[in-house]
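Notes to accompany the following structure.
The values are calculated or read from the model by the stated rules, or taken from the named source; none is laboratory data. Keep in mind the model is a prediction, meaning the values are calculated, not measured. Here Cβ is always computed from backbone atoms with ideal geometry, including for glycine, and neighbour counts include all displayed protein chains.
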Amino acid sequence: MPRRTRPGVIALAGIAALTLVGATACSSESPDDTAESGPVTISFTWWGNDERAALTEQAIDLFEEANPDITVKSSFSTIDAYIPKLATQIAGGGAPDLFLIPMESVREYSSKNALTPLTDYIDDGTIRTEDITEEALKVGTIDDTVMGLTLGLANNAMVYNPTVWAAAGAEAPGAGFTWDDLKAAGEKIRAASDGKTAALSDPGGQIAYFEMYLLQNGKHLFTEDGEVGFTEKDLADWWTLAGELREDGTTTDAETTSTIDQSMQNSGLARGISAAEFSAASLTGAYSDTLGAENIAIAPFPTDTDESGMTLNGTNVAAVSSKSKHPEAAAKLLDFIINDEEAGKILGLSRGIPTNSATYEAISPTLEGGNKTVSDFVSEYQDTFQAPAPLAPAGASTIPADFTLAYEQIIFGQTELKDAAKATVASITSAIS
């Protein structure tokens, strides 16, 4: 469903059935073969929440004013709906002109020739990269070819409601906060709320937070060579910890956990069912808009090691479809979103720290509310951030959903934990083989 049939018209994207990306390769046209004249219309899709969508719409309006011959039709949805829909579109040859790719899917879509290499557009100046940080430029680069660009650099963190924690007499999370500290806080928060509020939304089914746990223990999801970087025991240990937190009431119960996603309407923290949530720090603004800035703060993840488990990494990769009839126009839109200072001021930190360092320097003094909270957090804790994880190998795009499903089978008593860990590792190994 289109989000923009004209400026200001908003509709939610529909959910398509899960379909794997087809193996048929399609080569992209070169810029010389796609010279454009006259008005063109391009499509742009992404995942996110209402706050991110509203800001993106404003930036697109600005782009259309600066490029009157280009009309942008855009759509968005939550990531759970977005991933299978994009897979269906790419497999059917109907991908949007410009779209976002989850980090775990970059190699897969590149290997299937679903993306237009951006090197020519960088070389001819259509996409400017002189102010894009080296770390950001690497995110979408495969075998020395730029296949896409991340729209922001961000870290995951623990977003919490300091008002609830203080009222319960719970120790506020911060540097050195451990999993046992979290359990102690959970007991106080449950007691203060007559059992209605958990300290934390259950993170056990989210592979991003399992990766955080692995980083704290010196491992990665995947190695540089594209192999599985953890064992069945590592996964069983994570799910055992998650189970302990759930059973003692520190985290949300199974029924509540199964309803939580990255949208604010289904967030445990936003609904007051939990007093904290592991989340992308870039969503802090949305939490602040929902609960009030005074009720939102950010802290590091709990850890029992000397490692934080936090990284400053790409939040996504924006890519141009190899099937696009107007790749140059799509490249212009991508350049504008990343490099235009006014667009940067509009978008703020809604997709993380801007990849354009000049834009970040320009907007930093003006940041307020949730954006300032994120910027201050990164400044305070950046010395504890670990090196970004290796890019996921081809075949990894369906793994996050499968991981969540496996965990739900555990918490609803449908599968034994060790059996689920064994099956999940085997499934991941098979997917990337």
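Is it the case that some residue within region 168-177 is in contact (Cβ under 8 Å) with a residue 12 or more places away in the chain, in the same structural domain as Thr424 (by TED's automatic domain parsing), surrounded by fewer than 16 Cβ atoms within 10 Å (Cβ to Cβ) and within 28 Å of Trp46 (Cα to Cα)? No: zero hits. Here Ala343 passes the criteria (1) over 22 Å from Arg107 (Cα atoms); (2) over 21 Å from the mean Cα position of the chain (by Cα) except the one numbered (2). Residues that are of a type in the set (D, E, K, R) and either under 20 Å from Ile189 (Cβ atoms) or not assigned by TED's automatic domain parsing to the domain that holds Tyr213 (or both) were ranked within region 269-296; the one that is farthest from the chain's Cα centre (by Cα) is Glu294.
Against the conditions (1) modelled with pLDDT under 95; (2) in a helix (DSSP H, G or I), Ala330 satisfies every one except (1). Kindly provide the set of residues from region 373-384 that are surrounded by 17 or more Cβ atoms within 10 Å (Cβ to Cβ) and either under 21 Å from Gly140 (Cβ atoms) or of a type in the set (Val, Ile, Thr) (or both), ordered by number. Within region 373-384, Thr373, Val374, Val378 meet the criteria.
Kindly evaluate Ala299 against the criterion of being buried (at least 22 other Cβ atoms within 10 Å of the Cβ) and modelled with pLDDT of 95 or more. In short, no.
Here is the figure for region 63-84: residues that are in a helix (DSSP H, G or I), farther than 23 Å from Ala331 by Cβ and not acidic (Asp, Glu) total 4. Are any of the residues in region 266-281 without any contact (Cβ under 8 Å) to a residue 24 or more places away in the chain and more than 23 Å from Arg351 (Cβ to Cβ)? Yes, region 266-281 contains at least one residue that is without any contact (Cβ under 8 Å) to a residue 24 or more places away in the chain and more than 23 Å from Arg351 (Cβ to Cβ). Screening the candidates Thr252, Thr257 for the property of being in contact with a strand residue (DSSP E or B) (Cβ under 6 Å, 6 or more places away or on another chain) and crowded, with 24+ Cβ neighbours inside 10 Å yields one hit, Thr252.
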